[in-house]
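The values are calculated or read from the model by the stated rules, or taken from the named source; none is laboratory data. Please read all numbers here as calculations on a predicted model, not as lab measurements. Cβ placement follows ideal geometry from the backbone for every residue including glycine, while neighbour counts extend to all protein chains displayed. Ligands, DNA and RNA are excluded from the accessible area calculation, which covers all protein heavy atoms including side chains. Shrake-Rupley method; radii C 1.70, N 1.55, O 1.52, S 1.80 Å.
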Amino acid sequence: GSVLANRLTELNRWNVLLVEAGPSHEGVFDSAVPGFAGRLSRSLYDWNYTSIPQASMNNRTQNAPRGHILGGSSSINGLAYTRSSASDYDRWALHTGDEGWSWNQLLPYFLKSERWTRPSSGEDTTGKYDPKFHSANGLVSVSISGQPLASDVKIARAIEELSGGFSFDPDPNDGTPLGIGWHQVTVLNGTRSSAATAYLGGRFASRKNLHVLVNHQVTRVTQTSHSPTVEFRGVSLTAKKEVIVSAGSYATPQLLMLSGIGDPSELIKLGIQPLVNLPSVGKNLSDHPRFTMSWQLGTSNVIDPATNSTLQDEFLEQWLTNRTGPLSAPSLNQVGWLRLPEDSGLWDEFEDPASGPNAPHINAGPRGGGLYPLPGPLFQATCALTVPQSRGTVKLQSTNPRDHPLIDFGMFTHPFDIRALRDGVRLLVKFVSTPAFADYGLTPAGPFLGVDLDDDAAVYEVLRDATSNNAHPVGTAAMSARGASYGVVDPDLKVKRVKGLRVVDASIMPYIPVGHTQAPVYAIAERAADMIKGAWLT
């Protein structure tokens with residue numbers, strides 16, 4: 001939404017009203033400080049959604065964070081900037097019949113949105129990214145952490161010792177993310193760079209044709225004889241050209257269904273008059289199932305800043321003084337993109353669901369914590385399945401727009417997913433079993449403590465208890481080819497069979513990309529802005 005508001009008001013004669021349900025990002029300290037990102041989940045700035053109990057995960061519910069603040073989830077997320085695999089987008093193009101969604105045609109939009117910068121530490125980023133795949137002219141600032149960790153050396157040595165699928169990746173954002181490389185994040189001078197700060201702040205805030213209304217939740221979109229009307233707090237506003245919904249993968253389908261756009265049988269049960277028959281609304285929900293493995297270090301020469309209030313005070317003072325130090329970036333320096341072994345028994349039963357041979361199956365986030373040069377007491381690694389086959393739904397709880405929708409991730413409803421994560425466990429164990437980590441004396445901790453990792457049933461049970469969503473929901477208003485009998489929007493992101501209404505957010509993705517969803521949404525929005533301009537200026 002912020003991207004579109006900016007790009008469409010580049011035309012002085014166009015007036016844009018951006019309506020945000022949450023408050024402004026301005027003055028929200030925890031949003032500005034990268035190291036405080038973890039505080040934003042379940043806060044005033046989160047919608048605080050909760051899933052329904054997940055039958056295949058021992059009936060556990062899950063938090064489903066989404067940004068309730070200007071800038072949306074870019075204002076509360078973990079700041080990861082990963083573009084995924086080129087073949088992910090080529091599959092979108094094939095699926096929609098629109099070559100504009102291919103990697104080669106989307107890459108210019110990734111570059112248009114990005115501004116590569118050095119970290120606030122001043123660290124030289126030479127050799128830690130490939131300049132050919134980055135831009136210094138966009139609006140969203142991207143860099144690496146720049147904050148050294150003791151585990152950096154261990155991880156680098158393990159990469160050398162294992163090589164193969166664990167080889168060093170010079171730039172995970174070049175379209176072929178395989179191996180382990182430096183993690184890229186949306187940070188500018190030690191401060192979060194969000195859609196709100198990048199596209200709505202500074203010189204853009206003074207545009208007379210850009211109007212921003214916060215703390216107002218749109219409750220319905222209605223169709224007039226000319227174009228859609230949005231309703232909120234008893235007010236109706238009709239767009240002269242079109243209405244664009246960018247409410248995210250939970251709220252977008254909710255708004256469409258409240259407006260009578262969806263599966264007629266489901267709407268009638270709630271007393272909503274069906275106006276547009278689009279059964280795919282709220283279906284196809286996809287997210288990356290993720291868990292964390294932990295190992296205790298067998299040495300006393302460690303430090304845990306999280307339990308040291310004096311260090312925490314020093315970190316905050318350092319950030320306030322010059323925007324440097326541990327709070328100036330997320331505490332993850334490397335990111336791994338791994339394919340499951342070719343000799344895995346999975347391939348005897350399942351076809352490879354990846355979009356291509358350069359698309360990974362597993363996203364690993366190794367981190368050692370601590371305060372350089374000392375490691376933390378735990379070495380940890382997140383493990384996310386990048387190619388989940390399970391699908392979920394978003395349905396209405398009631399006709400009251402204030403009631404949260406019913407979110408069902410459907411996790412582990414497809415047998416491939418939990419079995420692939422079992423193989424992910426083995427990949428992580430292989431990584432930390434290299435000689436590089438020998439002097440750490442690692443022993444299992446956390447959810448796998450005392451678990452026989454060769455016992456599949458025992459591993460599956462831990463995964464059912466410890467796995468969560470990765471806050472990467474997509475697909476609930478998915479694109480499909482023009483004239484297709486399924487899908488919610490056409491390749492130009494116009495809602496099928498509705499005049500003057502588009503959806504531009506992660507819900508339009510027909511397949512989940514292998515990486516974090518922030519960077520793809522920026523590219524989608526940049527392309528959408530050009531499509532909208534093209535539609536009205538020709």
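The table below gives the values:
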{"quantity": "Residues being open to solvent by less than 40 Å² (accessible area, probe 1.4 Å), of a type outside the set (A, V, I, L, M) and within 20 Å of His216 (Cα to Cα) - total across the range 10-30", "calculated": "5"}
{"quantity": "Residue count, the range 152-185 (criterion: in contact (Cβ under 8 Å) with a residue 40 or more places away in the chain, in a strand (DSSP E or B) and either more than 14 Å from Thr125 (Cβ to Cβ) or in contact with a helix residue (DSSP H, G or I) (Cβ under 8 Å, 6 or more places away or on another chain) (or both))", "calculated": "3"}
{"quantity": "Qualifying residue in the range 317-332 (condition: in a strand (DSSP E or B), of a type in the set (D, E, K, R) and either open to solvent by less than 50 Å² (accessible area, probe 1.4 Å) or closer than 20 Å to Ala37 by Cβ (or both))", "calculated": "no"}
{"quantity": "Test: Thr222 is among the hydroxyl-bearing types (Ser, Thr, Tyr), farther than 25 Å from Glu10 by Cβ and either touching a residue at least 12 places away in the same chain (Cβ under 8 Å) or part of a loop (DSSP other than H, G, I, E, B) (or both)", "calculated": "yes"}
{"quantity": "Those residues of the range 252-279 which are closer than 24 Å to Ser75 by Cα and touching a helix residue (DSSP H, G or I) at 6+ places or on another chain (Cβ under 9 Å), in sequence order", "calculated": "Thr252, Pro253"}
{"quantity": "Single match in Gly369, Gly336 (criterion: open to solvent by 10 Å² or more (accessible area, probe 1.4 Å), modelled with pLDDT of 95 or more and either in a loop (DSSP other than H, G, I, E, B) or touching a helix residue (DSSP H, G or I) at 6+ places or on another chain (Cβ under 9 Å) (or both))", "calculated": "Gly369"}
{"quantity": "Those residues of the range 193-225 which are over 25 Å from Pro401 (Cβ atoms) and of a type in the set (D, E, K, R), in sequence order", "calculated": "Arg203, Arg207, Lys208"}
{"quantity": "Checklist (1) surrounded by fewer than 24 Cβ atoms within 10 Å (Cβ to Cβ); (2) in contact with a Phe, Trp or Tyr (Cβ under 9 Å, 6 or more places away or on another chain); (3) in contact (Cβ under 8 Å) with a residue 40 or more places away in the chain; (4) closer than 28 Å to Ala477 by Cβ applied to Arg419, failing item", "calculated": "(4)"}
{"quantity": "Residues within the range 252-304 that are outside any strand (DSSP E or B), among the aliphatic types (A, V, I, L, M) and within 22 Å of Arg502 (Cα to Cα), tallied", "calculated": "9"}
{"quantity": "Qualifying residues in the range 31-49 (those that are open to solvent by 40 Å² or more (accessible area, probe 1.4 Å) and of a type in the set (Gly, Ala, Ser)) - the one farthest from Leu237 (Cα to Cα)", "calculated": "Gly38"}
{"quantity": "Some residue of the range 448-457 being touching a strand residue (DSSP E or B) at 6+ places or on another chain (Cβ under 8 Å), of a type in the set (Gly, Ala, Ser) and without any contact (Cβ under 8 Å) to a residue 12 or more places away in the chain", "calculated": "yes"}
{"quantity": "Exclusive hit being under 25 Å from Phe36 (Cα atoms) and either within 23 Å of the chain's Cα centre (by Cα) or not in a strand (DSSP E or B) (or both), set Ser135, Ser143", "calculated": "Ser143"}
{"quantity": "Count - residues of the range 493-536 that are over 19 Å from Thr229 (Cβ atoms), hydrophobic (A, V, I, L, M, F, W, C) and assigned to a loop (DSSP other than H, G, I, E, B)", "calculated": "4"}
{"quantity": "When residues of the range 225-251 are limited to those that are without any contact (Cβ under 8 Å) to a residue 24 or more places away in the chain and part of a strand (DSSP E or B), the one least open to solvent (accessible area, probe 1.4 Å)", "calculated": "Thr229"}
{"quantity": "Filtered residues of the range 6-46 (kept if without any contact (Cβ under 8 Å) to a residue 60 or more places away in the chain, among the aromatic types (Phe, Trp, Tyr) and assigned to a helix (DSSP H, G or I))", "calculated": "Phe29"}
{"quantity": "Matching option when the condition is within 23 Å of the chain's Cα centre (by Cα) and not hydroxyl-bearing (Ser, Thr, Tyr), among Val498, Val488", "calculated": "Val488"}
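Each row is one residue, and each column tells you yes or no for (1) under 27 Å from Thr324 (Cα atoms); (2) of a type in the set (S, T, N, Q).
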position: Ser75; (1), (2): yes, yes
position: Arg83; (1), (2): yes, no
position: Asp88; (1), (2): no, no
position: Trp92; (1), (2): no, no
position: Asp98; (1), (2): no, no
position: Asn104; (1), (2): no, yes
position: Tyr109; (1), (2): no, no
position: Pro119; (1), (2): yes, no
position: Asp124; (1), (2): yes, no
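Residues are listed down the side, and each one gets a yes or a no for (1) crowded, with 20+ Cβ neighbours inside 10 Å; (2) closer than 29 Å to Thr307 by Cβ; (3) among the polar types (S, T, N, Q):
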position	(1), (2), (3)
Gly376	yes, yes, no
Thr399	no, no, yes
Tyr440	yes, yes, no
Leu449	no, yes, no
Ala458	no, no, no
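Yes or no, residue by residue, for (1) touching a residue at least 40 places away in the same chain (Cβ under 8 Å); (2) open to solvent by less than 20 Å² (accessible area, probe 1.4 Å); (3) among the polar types (S, T, N, Q):
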residue	(1), (2), (3)
Gly67	yes, yes, no
Arg83	yes, yes, no
Tyr89	yes, yes, no
Leu94	no, no, no
Leu106	yes, yes, no
Lys112	yes, no, no
